[in-house]
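A short write-up of the structure that comes next.
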Amino acid sequence: MEFKFSLEDETFRRDLRQFVKDELPSDWEGGGRWPEETDWDLTREMRKKLADKGWLTMHWPEEYGGENASPVRSAIFNEEMAYMRAPGRDIFGVRMLGPTLMIHGSDELKEKHLNAVARGEVQWCQGYSEPESGSDLASLSTRAVRDGDEFIITGRKIWTTLAHRADWIMLLTRTDPDAPKHRGISFILVDMKTPGIEVRPIINMANGHEFNEIIFENVRVPRANVVGEEDRGWYVAVTLLDFERSGIDYSAMARRLLDETKDYAIETKRNGVPLIELPWVRDALADRYIECEVARLMAYNVAYMQGEGLVPNKEASMSKVFGSESLQKVTTTGLDILGMYGVLGRNDKWAPLMGRVQENWMISFSHKIAAGTSEVQRNIIAGRGLGLPRG
């Protein structure tokens, strides 16, 4: 790949940074993994402004309201937004549902949903994991029983990010209980306002509300809402996962934390000596910066391959696992440098860097699970990358 950006890409990066700086409050600090949760009204406002500029879905084909921008340009957008902790992006609708619907959805579903996503008017969530079905996703037990032109859905989904904000959910449910577990599954779009849906909050250990449990009790959904073929939804789900996995967000978040930790080490003294002058601090920061840059280049390599018409299956897994684990290393090193003060939360007046390092350290464990655990990614790398036999 070419290890430099075009003049147009560099201009876009500069324009995007200026736009975010102009639009966000001067004291904006953002949230943890999901800055959207810091101010939901601001998120919706920013999303519509991004849509008006054509940036929200710029990588979509022109026929669906996009600009057919390159995957590299899209990666630049995601990197800058993540580094600046800017709200407004739409991971579920723009990055995951939209491209999947373009491949597998009916004309009616495309017309109904893609325009709303492109205008920044709708929030989606993803109904995959269940209390007893996570990494082994095909073992899911949520049921959808056919009743004329409808399905009646009963079951539970868990770890559903932003479900309490969502207008719609993309749901995996079993429609043929007698079929082998990777078959008999359908991918269905469900309006979250449908009677019989209950959303229960899950507060994480960083005291954040991103996750939710969803209860489906005799929820009636039109069969026309099925994406792709009935009972063949597993293949639709796998398509979506390929769009979900990305490493650029991880390296961007890690670099922002690393920059803040470095500045703290420059400004803070121990026994009259700036922390940055301690050899172990300098060595640790250098190692983390190198890993962040490697993670960043791996993510851009995935985008470059996509732009060349290649399918970066194993490369996407490599980027995801290395990026998420690099982020956790950055937060661990940050806690080491901050010392005992580093364990204080953001509401404590003595907490350095607003308690952000501690918060992101706790959240970093979920990054190694979401979109496929590190173990799942290594299995993909081993099987599809190295050609190793299954154990």
Next on the checklist: Need one word for segment 200-306: rounded, prolate or oblate. Basis is the Cα gyration tensor (sqrt eigenvalues a ≥ b ≥ c); a/c below 1.5 gives rounded, then a/b vs b/c decides.
Outcome noted: oblate
Checklist entry - For segment 7-89, what is the charge dipole size about the Cα centre, in debye to the nearest 20, if Lys and Arg each add +1 at the Cβ and Asp and Glu each add -1 at the Cβ? => result 100
Checklist entry - Just Val221, Val72, Val238 to compare: in a GNM of the chain, with alpha carbon springs under 10 Å, which one fluctuates most? => result Val238
Item to check | Calculated from backbone phi, Karplus (6.51, -1.76, 1.60) coupling profile of segment 81-98 in Hz, x at Gly/Pro | outcome: 5, 5, 5, 7, 6, 8, x, x, 5, 10, 4, 6, x, 7, 7, 9, 5, x
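Return the equivalent ellipsoid semi-axes of segment 124-231 as a descending list in whole Å, where each equals the square root of 5 times an eigenvalue of the C-alpha gyration tensor.
On the way: eigenvalues 106, 51, 22 Å².
For segment 124-231, the ellipsoid semi-axes come out as 23, 16, 11 Å.
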Next on the checklist: As a quick test, which of the pairs Lys320/Lys368; Lys4/Lys329; Lys21/Lys48; Lys262/Lys320 have an alpha carbon distance above 18 angstrom in this structure?
Outcome noted: Lys4/Lys329; Lys262/Lys320
Next on the checklist: Need the full-extension length gain, Ala286 to Arg200, defined as separation in residues times 0.36 nm minus the C-alpha distance. One decimal, nm.
Outcome noted: 26.7 nm
Item to check | Dipole of the chain, positive direction: furthest Cα of Ala295, Met46, Pro279, with charges on the beta-carbon | outcome: Pro279
Item to check | Cα-centre dipole for segment 124-255 with unit charges at Cβ (Lys and Arg positive, Asp and Glu negative), debye to 20 | outcome: 180
Checklist outcome for this item: Expressed in nanometres to one decimal, the distance between label points 7 Å along Cα→Cβ at Trp40 and Glu267 is 3.3
Checklist entry - Counting only residues 5 or more places away or on other chains, whose amide H sits under 5 Å from the amide H of Phe151 once H atoms are built in the peptide plane? => result Val221, Arg223
Checklist outcome for this item: Karplus-derived 3J(HN,Hα) from phi for segment 307-315 (6.51 cos²θ - 1.76 cosθ + 1.60, θ = phi - 60°), whole Hz, x at Gly and Pro, runs x, 8, x, 8, 10, x, 5, 5, 5
Next on the checklist: Suppose the chain between Asn218 and Asp149 were pulled fully straight at 0.36 nm per residue; how much longer would it get relative to their current alpha carbon spacing?
Outcome noted: 23.4 nm
Item to check | Segment Leu388-Asp231, extension gain: residue separation times 0.36 nm, minus the distance between their alpha carbons | outcome: 53.5 nm
Checklist entry - Looking at the chain, which longest stretch skips every one of the chymotrypsin sites (Phe, Trp or Tyr not before Pro) that is in a DSSP loop with at most 13 other Cβ atoms within 10 Å, leaving the sites themselves out? => result 4-349
Checklist entry - For the charge dipole of segment 124-231, defined by +1 on Lys and Arg C-beta atoms and -1 on Asp and Glu C-beta atoms about the Cα centroid, which residue among Ile169, Val145, Asn225 has the Cα displaced farthest towards the positive pole? => result Ile169
Checklist entry - Which value in deg cm²/dmol, rounded to the nearest 500, describes the helix-derived mean residue ellipticity at 222 nm for the chain, given -39,500 (n - 2.57) per DSSP H run of n ≥ 4 and division by the residue count? => result -14000 deg cm²/dmol
Item to check | Amide H contacts of Glu130 (H built 1.01 Å from N, under 5 Å, at least 5 apart or other chain) | outcome: Ile158
Checklist outcome for this item: Amide H neighbours of Glu210 at under 5 Å, excluding residues fewer than 5 places away on the same chain, with H built from the backbone geometry, are Asn204
Item to check | ³J(HN,Hα), Karplus 6.51/-1.76/1.60, whole Hz, each residue of segment 129-134, x for Gly, Pro | outcome: 5, 10, x, 10, 8, x
Item to check | Only Lys, Arg (+1) and Asp, Glu (-1) charged, at Cβ; the chain dipole about Cα centre in debye | outcome: 720
Item to check | All lysines inside 20 Å of Lys349 as judged from Cα atoms, apart from same-chain residues fewer than 8 positions distant | outcome: Lys269
Item to check | Along the chain, longest interval not containing exposed trypsin sites (Lys or Arg not before Pro), exposed being DSSP loop plus at most 12 other Cβ atoms within 10 Å | outcome: 194-348
Item to check | Options Met354, Leu344, Ala75, ranked by Cα towards positive dipole end of the chain, top entry (Cβ charges) | outcome: Leu344
Item to check | Cα→Cβ-extended label distance, 7 Å offset, between Asn115 and Asp27, nm | outcome: 4.2
Next on the checklist: With an 8 Å Cα cut-off and a minimum separation of 6 or more residues, compute the relative contact order for the chain in percent.
Outcome noted: 13
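Here, each number is a calculation from the coordinates, and none is a lab measurement. Just so it is clear, the model here is predicted, and its values are computed rather than measured. Positions of Cβ are backbone-derived with ideal geometry, glycine not excepted, and every protein chain shown enters the neighbour counts.
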